[in-house]
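Q: I have a structure I would like to understand better, so I am pasting it below and will then ask my questions one at a time.
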Amino acid sequence: NELIKDALMMARTECKKRRIVVKTIFREVPDVYVDTNSISQAFLNILLNAIEAIDMNGEIQIETFESQWVNASGQQVEGVKVLVQDSGKGIPQDILDEIYDPFFTTKHQNVGLGLSLVLKTIREHEGLIDVISNDAGLTSFILHLPRQGIIEGRREEALSLSVK
């Protein structure tokens, strides 16, 4: 939860300017092993996308959960799920498959690397990312991070995402 709180601190001014209310529910979750720099950037990118999706007077909800899922190898994995939901414009169904493509963007001033970097980071941590969106304006990004990730042979820092 500390990395998420750091991302929220960096985005606080923009949220105030746009009158965006941020609600957080930080549950007690297990420790996960992450590269703190890359995961911090991933959380910030997801949060900035949520902020940009809301013109004014919206809401972002962030929740953490203990989680279990089946990875690409068919193994049961335990870890943490992070949900980031915004009340913005929504993502049209016809472009959902493209949002992680490098340089894909629907915004005039962006280069479209944010979500591709988020996907790369989550995959490097042997995690999963999913998005659920509708044209009515609700978008949810769901990130799963395993308790024991391996990041290209580098030593990871144990990070507790729980509030004690």
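The values are calculated or read from the model by the stated rules, or taken from the named source; none is laboratory data. Just so it is clear, the structure is predicted and the values come from calculations on it, not from any experiment. We place every Cβ from the backbone using ideal geometry, glycine too, and count neighbours over all the protein chains shown. Side chains are part of the model used for accessible areas, which takes the heavy atoms of the whole protein and leaves out ligands, DNA and RNA. Shrake-Rupley method; radii C 1.70, N 1.55, O 1.52, S 1.80 Å.
Q: Condition first: within 12 Å of ALA42 (Cα to Cα) and open to solvent by 60 Å² or more (accessible area, probe 1.4 Å). Now tell me which residues in segment 122-137 satisfy that.
A: ARG123, the sole residue that qualifies.
Q: Looking only at residues that are hydrophobic (A, V, I, L, M, F, W, C) and at pLDDT below 85 in segment 97-115, which one is most open to solvent (accessible area, probe 1.4 Å)? It would help to see each step written out before you state the result.
A: To start, the set of residues in segment 97-115 that are hydrophobic (A, V, I, L, M, F, W, C) comprises 99, 103-104, 111, 113, 115.
This time we only want the ones that are at pLDDT below 85, so: 99, 103-104, 111, 113.
Working: ILE99: 14, PHE103: 145, PHE104: 53, VAL111: 96, LEU113: 61 Å².
The extreme case among them is PHE103.
Q: Using the structure shown, decide if ILE151 is under 24 Å from ASN37 (Cα atoms), at pLDDT below 85 and open to solvent by less than 80 Å² (accessible area, probe 1.4 Å). Show your work before the answer.
A: Numbers: under 24 Å from ASN37 (Cα atoms): yes; at pLDDT below 85: yes; open to solvent by less than 80 Å² (accessible area, probe 1.4 Å): yes.
Here the answer is yes, as ILE151 does meet what is asked.
Q: Residue check: is ALA50 of a type outside the set (Phe, Trp, Tyr) and touching a Leu at 6+ places or on another chain (Cβ under 8 Å)?
A: On the way: of a type outside the set (Phe, Trp, Tyr): yes; touching a Leu at 6+ places or on another chain (Cβ under 8 Å): no.
Judged against the criteria, ALA50 is not a match.
Q: Could you check how many residues of segment 23-58 are at pLDDT 90 or above, open to solvent by 50 Å² or more (accessible area, probe 1.4 Å) and outside any helix (DSSP H, G or I)?
A: So the answer is 7.
Q: Can you tell me which residues in segment 70-89 are more than 24 Å from LEU44 (Cα to Cα) and surrounded by 15 or more Cβ atoms within 10 Å (Cβ to Cβ)? Step through it out loud before you land on a result.
A: In the first step, residues of segment 70-89 are kept if they are more than 24 Å from LEU44 (Cα to Cα); the result is 70-77.
The answer is VAL77, and nothing else.
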